[in-house]
There are 2 protein chains.
Amino acid sequence: MAHRAELIAVGTEILLGSIANTDAQILSEKLAELGIDVLYHTVVGDNPKRLREALELARTRVDVIITTGGLGPTYDDLTKQTICETFGRKNVLHPELETWLRELFAQRGRPMTENNLQQAYLPENCTIFHNHNGTAPGCAFCEGGVHVLMLPGPPHECALMFETGAGDYLRALSRDVIVSHTLRIYGKGESEMEMLLRDRIEKMTNPTVAPYAKPDECMLRVTAKAESREEAEKLLKPAVDELMAVVGEWVYGVDVDNLESVCLDLLKRRGATLAAAESCTGGLIAKRLTDVPGASAAFRGGVVSYTNYVKNHVINVPQAVLDEYGAVSEQTARAMAEGVKTVTGADYALSVTGLAGPDGDDRGNPVGLVYIGLATPEGTTVKECRFGKRTREHIRQQSANTAFDMLRRALQ
Amino acid sequence: MAHRAELIAVGTEILLGSIANTDAQILSEKLAELGIDVLYHTVVGDNPKRLREALELARTRVDVIITTGGLGPTYDDLTKQTICETFGRKNVLHPELETWLRELFAQRGRPMTENNLQQAYLPENCTIFHNHNGTAPGCAFCEGGVHVLMLPGPPHECALMFETGAGDYLRALSRDVIVSHTLRIYGKGESEMEMLLRDRIEKMTNPTVAPYAKPDECMLRVTAKAESREEAEKLLKPAVDELMAVVGEWVYGVDVDNLESVCLDLLKRRGATLAAAESCTGGLIAKRLTDVPGASAAFRGGVVSYTNYVKNHVINVPQAVLDEYGAVSEQTARAMAEGVKTVTGADYALSVTGLAGPDGDDRGNPVGLVYIGLATPEGTTVKECRFGKRTREHIRQQSANTAFDMLRRALQ
């Protein structure tokens, strides 16, 4: 049977909203890969009573408890003492940790204040996890069939300690391997997707399929459990194929990062280049493309033509087009795409002009009306989109997504 | 007495680590501002039994329960039914919500599948919170002295619903009025700020001062509690003045949104306009400026000169400058700022050229080296920044922040 885990983060700063519980996300993803079901995340403050209650509850409902935070030298770090009390273990000095700490401070040329020595104390008879990114070691022990792991709070310490110690400890508890593939979908909502697939999803047990909604897209994660990666992949293949047969039209990639990285990969494979002329998206398309490392191999650059002056003077949209049809028009989108393609010397070009709100324009065009152009070596197409009276952020992101999806379809 | 809250997020995708529990951080920060103590964060999956147990526990230990997630139309969204069962309320159709939903789908020109109608069901006799960013409304009710609020899971929906409904509901629970002012600081870290202000902060009781670290800046929030807004403001004034006397040099605004909105306001007040030429930031500066509604009154547009061809052909950086000094140089940054100012007809122009990584360039310049130019009617200045080998995202955001801060200081 699969192990069941609860993650307990200790830290008032999380309850105040000063920091996010990043450790929970990092560990959950890693535990899912190990086939350990995470059933609960809990956060309590630097409060021994509430931590103790959380631990008492956790030991009744899971068999793996992982705490994060509260191992450092400051006075509000009480995790260790409380865990020792709850599980009836002594908190003892581990001389090898004291030696390591004293050497660490000597190396850094800093005096070791006495409160730092607390970090050399851990429950007796535990598995020690060394901290390669900080001064607080972690550990694990098993008491009454419940595995208790303590990891440090700072996410880069927690993540590295998992890689170098805690992960192996947990891996040894289970024989199963979990493998997932994620189908990324654009242009079809979560609920439509579910209607199309509900019967299939409900019938599946291994692999399982879970739909997820993201702000502007959705995804299907297919997950299999088996004794080896190869076995898991064998289970996944027919399931992915079955899903693709139904929704493949809207799948822009499997196990990919996002629409823009798919576009950049397709361009690079062709040795082709891209430019963008942006009005209402105001640089968002360029920004998203250049978020991707190595974008310069395919993205030549762009123009944020936020005013008619820039449309006309920089990317040569004819003044007559602007006067006759207005900035928000099929004709302007076309001229923008063709203009930026020419001035940058790119093979492909995207253009966006529209109204992201909050106001419409003086020609009576409504918020949410956006024209998206795509110029290719074969010609130029323009799509009219009506996103409705949504937030500025939504209209801009959807405009960029639609532009990327047009390009992807043209390249695929 | 202060209210005590527990945040319960519902979503298997959080337990799988696919997404972070962002709502918990957003809400915790807002609740702290309202003087409500958040004692626990809990996350459970899409599992009615475990959600029910979490709710039963929560009602014994807090008097404000806020759930996030599980309000959408798909079959794994079970929050509403479980809450109704736990608190003995009927889940009933609210006809005004049905009308609203049908109109929303009609507006968007999409068919409304029947599962969407579930979203018009809410507990009887509840306070409805409208969703201005999605299709799932939220609500609140009070049962046996415990306030239960249900908010949607997607963070942009959750945050907006708090602003437009849930916040007022919670504010009304307390007689005291809480008023905060936030000093936004750029160019000084949280710990330096704390060192400068620690003694003052520790002495204050009402108002209190809390420093917050954001990824690329920090802020000081000054909060007063009083019987009226006027009383609170009277308490805040001398505290804000005292802090400004110490750290005012780095404060770019009080109660402002961000650096870019401060820049746009300063430009508008002068009737001046701005342009940007971006290399390594790749559109980020333009994107951040145009995130601000009404940016077009001051921002004329920009050029993403991601290749030397675009630097030379579109914004007229002399080929000789590129050949002699390279793209990443003080001279190129200067020519970019002056070039984009000319071609767009703007009064001010920012330029950025540098190495955001992961790789350096063939001239041996290191990752993190960035030149930032500012052209004004009085002349052009260029700043050399060395952000070090940090993430691409960090270097790009810090480059944009530094550019905005240069412009702000020039305009103020």
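Side notes on the structure shown:
- Within segment B:187-207, considering residues that are of a type in the set (Gly, Ala, Ser) and at pLDDT below 85, the one least open to solvent (accessible area, probe 1.4 Å): B:Gly189
- Taking every residue in segment A:371-386 that is modelled with pLDDT of 95 or more and pairing it with any residue that is open to solvent by 40 Å² or more (accessible area, probe 1.4 Å) and among the aliphatic types (A, V, I, L, M), at least 6 positions away or on another chain, the pairs with Cβ-Cβ distances below 7 Å are A:Leu374/A:Ala410; A:Thr376/A:Ala410.
- Sole exception among (1) small (Gly, Ala, Ser); (2) at pLDDT 95 or above; (3) more than 18 Å from B:Val352 (Cβ to Cβ) for B:Ala275, by number: (3)
- Set A:Glu124, A:Glu114: member being in contact with a Lys or Arg (Cβ under 6 Å, 6 or more places away or on another chain), open to solvent by 30 Å² or more (accessible area, probe 1.4 Å), free of Cβ contacts under 8 Å to residues at least 60 places away in the same chain and at negative phi: A:Glu124
- Residue match in segment B:392-410 (condition: part of a loop (DSSP other than H, G, I, E, B), open to solvent by 10 Å² or more (accessible area, probe 1.4 Å) and away from chain A (no Cβ under 13 Å)): no
- Condition met for B:Leu55 (facing chain A (nearest Cβ under 9 Å), in a helix (DSSP H, G or I) and open to solvent by less than 10 Å² (accessible area, probe 1.4 Å)): no
- Scan segment A:209-235 for residues that are part of a strand (DSSP E or B) and open to solvent by 60 Å² or more (accessible area, probe 1.4 Å) and the total you get is 2.
- Residue in segment A:109-121 that is touching a strand residue (DSSP E or B) at 6+ places or on another chain (Cβ under 7 Å) and either of a type outside the set (Asp, Glu) or at pLDDT 95 or above (or both) present: yes
- Residues in segment B:241-274 that are in a helix (DSSP H, G or I) and more than 19 Å from B:Gly301 (Cα to Cα): B:Asp241, B:Glu242, B:Leu243, B:Met244, B:Ala245, B:Val246, B:Val247, B:Gly248, B:Glu249, B:Trp250.
- Screening B:Asn133 against (1) open to solvent by 60 Å² or more (accessible area, probe 1.4 Å); (2) at the interface with another protein chain (Cβ under 9 Å from one of its Cβ atoms); (3) touching a Leu at 6+ places or on another chain (Cβ under 8 Å) leaves a single unmet condition, (1).
- Among the numbered conditions (1) open to solvent by 30 Å² or more (accessible area, probe 1.4 Å); (2) within 23 Å of A:Gln25 (Cβ to Cβ); (3) at the interface with chain A (Cβ under 10 Å from one of its Cβ atoms); (4) of a type outside the set (S, T, N, Q), the only one that B:Leu31 does not meet is (1).
- For segment A:137-181, the set of residues classified as among the polar types (S, T, N, Q) and without any contact (Cβ under 8 Å) to a residue 40 or more places away in the chain consists of A:Thr164 only.
- Taking the conditions (1) within 14 Å of another protein chain (Cβ to nearest Cβ); (2) out of contact with any Pro (no Cβ under 9 Å at 6 or more places or on another chain) in turn, A:Arg334 satisfies each one other than (1).
- Within segment A:239-268, the set of residues being within 15 Å of A:Leu220 (Cβ to Cβ) and open to solvent by 40 Å² or more (accessible area, probe 1.4 Å) comprises A:Asp241, A:Glu242, A:Met244, A:Ala245, A:Val246, A:Glu249, A:Trp250, A:Val254, A:Asp255, A:Val256.
- Complete set of residues in segment B:334-354 that are more than 26 Å from B:Lys268 (Cβ to Cβ) and in a helix (DSSP H, G or I): B:Arg334, B:Ala335
- Residue, nearest to A:Val340 (Cα to Cα), within segment A:354-391, restricted to residues that are more than 13 Å from chain B (Cβ to nearest Cβ) and in contact with a Phe, Trp or Tyr (Cβ under 6 Å, 6 or more places away or on another chain): A:Thr376
- Scanning segment A:329-370 for residues that are charged (D, E, K, R) and touching a residue at least 40 places away in the same chain (Cβ under 8 Å), we see that the one that is farthest from A:Val317 (Cα to Cα) is A:Asp347.
- Across segment A:170-181, the number of residues qualifying as modelled with pLDDT under 90 and surrounded by 17 or more Cβ atoms within 10 Å (Cβ to Cβ) comes to 4.
- Condition check for A:Ala5: open to solvent by less than 30 Å² (accessible area, probe 1.4 Å) and outside any helix (DSSP H, G or I): yes
- Count of segment A:275-313 residues, restricted to those that are open to solvent by 10 Å² or more (accessible area, probe 1.4 Å), facing another protein chain (nearest Cβ under 7 Å) and either among the aliphatic types (A, V, I, L, M) or in a strand (DSSP E or B) (or both), is 1.
- Filtered residues of segment A:1-53 (kept if small (Gly, Ala, Ser), farther than 23 Å from A:Leu173 by Cα and without any contact (Cβ under 8 Å) to a residue 24 or more places away in the chain): A:Gly17, A:Ser18, A:Ala20
- Selected residue (only one of B:Thr42, B:Thr68 is within 12 Å of chain A (Cβ to nearest Cβ) and either open to solvent by less than 30 Å² (accessible area, probe 1.4 Å) or modelled with pLDDT of 95 or more (or both)): B:Thr42
- Only a single item in (1) within 17 Å of A:Gly282 (Cα to Cα); (2) touching a residue at least 40 places away in the same chain (Cβ under 8 Å) is not met by A:Asn312, and it is number (2).
- Any hit, segment A:235-258, residues being within 22 Å of B:Pro111 (Cβ to Cβ) and free of Cβ contacts under 8 Å to residues at least 40 places away in the same chain: yes
- Members of segment B:80-101 found to be without any contact (Cβ under 8 Å) to a residue 40 or more places away in the chain, part of a helix (DSSP H, G or I) and of a type outside the set (Ser, Thr, Tyr), listed by number: B:Gln81, B:Cys84, B:Glu85, B:Pro95, B:Glu96, B:Glu98, B:Trp100, B:Leu101
- Enumerated strands (runs of 3 or more DSSP E) restricted to segment A:102-189, each holding at least 2 residues that are within 30 Å of A:Pro207 (Cβ to Cβ): A:146-151, A:177-185
- Here segment B:153-169 is the region considered, the condition is being modelled with pLDDT under 95 and open to solvent by less than 40 Å² (accessible area, probe 1.4 Å), and the residue that is farthest from the chain's Cα centre (by Cα) is B:Gly153.
- Top-ranked residue of segment B:347-391 - restricted to ones that are among the small types (Gly, Ala, Ser) and over 22 Å from B:Thr307 (Cβ atoms), ranked as surrounded by the fewest Cβ atoms within 10 Å (Cβ to Cβ): B:Gly379
The values are calculated or read from the model by the stated rules, or taken from the named source; none is laboratory data. These numbers were taken from a predicted model, which means no experiment stands behind them. Here Cβ is always computed from backbone atoms with ideal geometry, including for glycine, and neighbour counts include all displayed protein chains. Note: accessible area is taken over every heavy atom of the protein model, side chains too, but ligands, DNA and RNA are not part of it. Shrake-Rupley method; radii C 1.70, N 1.55, O 1.52, S 1.80 Å.
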